[in-house]
Amino acid sequence: MRCQQQELTNKQKVFCKAYIRNGYNGAQAAIVAGYSKETAKEMACENLTKPHVKKYVDELMTIEEERLGLSKEWAADMLKKTAEGCITGKASQHEIHPAGVIGAVEAISKLFGYNEPEKKEIKHDVTEMVKEYEREY
């Protein structure tokens with residue numbers, strides 16, 4: 001049996017767009033989408049746990065990253081250039097304010113989740129783990 005892709009409601013689409021626009025504030029995005037202030041936090045949590053909603057958020061993020069020309073590599077390169085400029089003294093000649101540049105790059109990195117650890121699936125043989133435990137105790 002093939003699982004059908006669930007369609008997003010208009011409210012969910014608005015929620016996803018607002019979620020990205022406002023810096024990933026789920027409760028605010030829910031209010032913008034038309035959910036009540038009283039249930040906004042719960043609705044945001046509910047929406048973000050639905051695979052089809054999460055997929056749409058990811059798609060919107062990818063579109064936005066491409067539109068802006070951003071990537072983890074870009075953020076790392078900007079930090080490297082800023083650090084190199086500060087070390088060689090070039091930064092002061094061009095009146096670059098390293099703290100401002102670093103702050104901007106860090107904000108962009110946070111916005112797109114570049115600082116989040118990558119999730120990896122870990123598989124364990126439970127039977128083998130139980131046997132190992134029994135041997136130790």
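FYI, it's all coordinate maths here, none of it is from the lab. Please read these numbers as outputs of a predicted model, since none were measured by experiment. Counting neighbours? That spans all protein chains shown, and the Cβs are built from the backbone with ideal geometry, glycine included.
A dipole drawn for region 1-69 from +1 and -1 charges on Cβ atoms has a positive end, and of Val14, Pro51, Ser36 the residue lying farthest that way is Ser36. Counted by neighbouring Cβ atoms within 10 Å, the residues Met129, Met43 run from fewest to most as Met129, Met43. Taking the fewest neighbouring Cβ atoms within 10 Å as the starting point, the ordered list for Ile108, Ile31 is Ile108, Ile31. Working from label points 7 Å from Cα in the Cα-to-Cβ sense, the Glu116 to Glu38 distance is 3.1 nm.
Dipole magnitude of region 1-69 about its Cα centre, charges +1 at Lys/Arg Cβ and -1 at Asp/Glu Cβ only, in debye to the nearest 20?
Working: 11 positive and 9 negative charges, 30 e Å.
Computed about the Cα centre, the dipole is about 140 debye.
Sorting Ser71, Ser109 by the number of Cβ atoms found within 10 Å of their own Cβ, with the fewest placed first, yields Ser71, Ser109.
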